[in-house]
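The values are calculated or read from the model by the stated rules, or taken from the named source; none is laboratory data. If you're wondering where the values come from, they're calculated on a predicted model, not measured in any experiment. Ideal geometry is used to build each Cβ from the backbone, glycine not excepted, and the neighbour counts take in all protein chains shown.
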Amino acid sequence: MQYTREQIINAVRAAGIVGAGGAGFPSYVKLQPPKGTSIDTVIANGSECEPLLHTDKTLMRSKAALVVDGVRLAMQVVGAKEGVIGIKGHYKDVVAAVNAVLPKDGSIRIHQLENYYPAGDEFLLVYDIKKRIIPEGGLPLNVGVVVNNVLTLAQMAEAMGGKSVTERILTVTGAVEVPVVVNAPVGTSYRDLLAAACGVVCDNPVVIDGGPMMGRIIDDIDAGISKTTSGIVVLPDGHFVVDMKKITVPQMVKKSKAACCQCFRCSDLCPRNLLGHELYPHKTMRTIDYNQSEPAKHITSAFLCSQCGVCELAACDVMKLSPRKIYAAYRKELLAKGVKNPHHEQPKEVRSNYEFSKLALPTLVKKIHLAEYAEREVVHKGKVETNRVRIALNRHLGAPAKPTVVLGQRVLLGDVIGATSEDKMGSIYHASLAGKVTEVSDNLIEITR
Ligand code: SF4
Ligand code: SF4
């Protein structure tokens, strides 16, 4: 069936689709680049480079046709001539599943990616596939490309049939009895999802939303997952990854003064530095170690950091310092002061060591002590049932959504329960369970079956 550009954009907005890969950028906005922007390529990001996660691979095995349909829709909306689906080349079965449903006209192709971290960073993905370097602080659209996660694209295809985002696929792994990939209603508690993996198998478990590299520690396992939760990783307290996530910025600053040996390794392995951006974490650490505020570029370069965690978990694994955390703190402070990113250079070429400094995923897994979890078989379990969902209304980029239901109201699966006002960038949220609204606050709605 043929749809107009407006029909597709409206359906994507009404379905509440946001970037499923983690950022939560509203997809209807991404489909409307500013006037005068010329887009020639849509890239489907199926790289799934976070260790231990099997979400996107499982989706592509089971719903390859939907992903391809989503690429086709996105190409139509942005006027792109080419669609490229980025998949790690060693996942032969996934490549075969997608290959089998590609259109015969050659408009959409597969690009087989190398198995490195962070191959899913859209800056690196665009360079690997198109050999174009996104400028500092820029977006893929600055070089004629729109990138969407494969689940986001599948959700776009489903939206054309009227389906809203009420559930998502995710991996539950790490120190659990049975690592699983499941489909769960948005707002399902971490507790219920751990039960779907037959429970945890370590003392003092720490639960991470997302992958071990970029995920965040969850304080409350009765909170609900969001549209952007691609995985849940359980690790024992005291694990290297957990320790690095827990260390605070003041602790880090104090430690850095004594421990940073200016070895340059964090800059040498930094993926954005490898791309040619002027981001030198070791120099930023030096400004901290000596309480310097000059040169300011080593502070404002915080705007160029993707928070990938390579400097923290892979480069500085001996001294255990975290330029990543320092950049996050600087960025927050700069934004609070109203400072805008002053870095906009567009490198002409990547660094000469770009290719051979790529961090192979098996090496990373060993380095951050995840090998015992990575070797385990992961079961695709299907849908998880739950009796209660807690849906946060602010887990997307833009203005938070406001509740559109009241306490005690009965809702059906797919009913709108919250929305951002139309004049602001944001998202719409839908009931992921039929039942009664048992809690409403500015940012949260609970529904009980
Ligand atoms: S932060 Fe770590 S990796 Fe970077 S220069 Fe200092 S010691 Fe080396
Ligand atoms: S987290 Fe570290 S390695 Fe990653 S982009 Fe930022 S500075 Fe570079």
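Can you confirm whether the stretch 215-224 contains a residue that is within 29 Å of residue 430 (Cβ to Cβ) and within 16 Å of ligand 2 (Cβ to nearest atom)?
Looking through the stretch 215-224, at least one residue is within 29 Å of residue 430 (Cβ to Cβ) and within 16 Å of ligand 2 (Cβ to nearest atom).
Looking only at residues in the stretch 286-317 that are among the charged types (D, E, K, R) and part of a loop (DSSP other than H, G, I, E, B), which one is nearest to residue 343 (Cα to Cα)?
So the first thing to find is which residues in the stretch 286-317 are among the charged types (D, E, K, R), and the list is 286, 289, 294, 297, 312, 317.
Still in the list and also part of a loop (DSSP other than H, G, I, E, B): 294, 317.
On the way: 294: 16, 317: 29 Å.
The qualifying residue nearest to residue 343 (Cα to Cα) is 294.
Restricting attention to the stretch 379-404, report how many residues are buried (at least 19 other Cβ atoms within 10 Å of the Cβ) and among the β-branched types (Val, Ile, Thr). Qualifying residue count for the region: 4.
Could you check how many residues of the stretch 254-267 are touching a residue at least 60 places away in the same chain (Cβ under 8 Å) and more than 16 Å from ligand 2 (Cβ to nearest atom)? Quick ask: steps written out before the conclusion?
First, pick out the residues of the stretch 254-267 that are touching a residue at least 60 places away in the same chain (Cβ under 8 Å): 255-256, 259-260.
Cutting the leftovers down to more than 16 Å from ligand 2 (Cβ to nearest atom) gives us 255, 259.
Going through the stretch 254-267 one residue at a time, the tally reaches 2.
Give me the residue from the stretch 286-319 that is surrounded by fewer than 24 Cβ atoms within 10 Å (Cβ to Cβ) and among the acidic types (Asp, Glu) and, out of that set, nearest to ligand 2 (Cβ to nearest atom). It comes out as 317. Against the numbered list (1) away from ligand 1 (no atom under 16 Å from the Cβ); (2) part of a helix (DSSP H, G or I); (3) within 28 Å of residue 317 (Cβ to Cβ); (4) at pLDDT 95 or above, residue 195 comes up short only at (3).
Checked against (1) free of Cβ contacts under 8 Å to residues at least 60 places away in the same chain; (2) in contact with a Phe, Trp or Tyr (Cβ under 9 Å, 6 or more places away or on another chain); (3) more than 14 Å from ligand 1 (Cβ to nearest atom), residue 291 passes all but a single condition, namely (2).
Just give me the residues in the stretch 171-223 being on the phi > 0 side of the Ramachandran plot and either crowded, with 17+ Cβ neighbours inside 10 Å or aromatic (Phe, Trp, Tyr) (or both), in sequence order. Spell out how you get there, then give the answer.
Residues of the stretch 171-223 that are on the phi > 0 side of the Ramachandran plot, as a first pass: 174, 187, 198-199, 204, 210.
Across the stretch 171-223, the qualifying residues are 174, 187, 210.
Looking at the stretch 64-162, the helices (runs of 4 or more DSSP H) lying wholly inside it that each contain 2 or more residues that are within 29 Å of residue 354 (Cα to Cα) and among the acidic types (Asp, Glu) sit at 122-130.
This table checks each residue for (1) exposed (fewer than 15 other Cβ atoms within 10 Å of the Cβ); (2) outside the structural domain of residue 327 (by TED's automatic domain parsing); (3) within 12 Å of ligand 1 (Cβ to nearest atom); (4) part of a helix (DSSP H, G or I).
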| site | (1), (2), (3), (4) |
| --- | --- |
| 257 | yes, no, yes, yes |
| 262 | yes, no, yes, no |
| 267 | no, no, yes, yes |
| 272 | no, no, no, yes |
| 278 | no, no, no, no |
| 284 | no, no, yes, yes |
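Would you be able to say whether some residue in the stretch 20-33 is within 20 Å of residue 164 (Cβ to Cβ), among the polar types (S, T, N, Q), more than 13 Å from the chain's Cα centre (by Cα) and surrounded by 21 or more Cβ atoms within 10 Å (Cβ to Cβ)? Within the stretch 20-33 (the criterion being within 20 Å of residue 164 (Cβ to Cβ), among the polar types (S, T, N, Q), more than 13 Å from the chain's Cα centre (by Cα) and surrounded by 21 or more Cβ atoms within 10 Å (Cβ to Cβ)), the answer is yes, since at least one residue qualifies.
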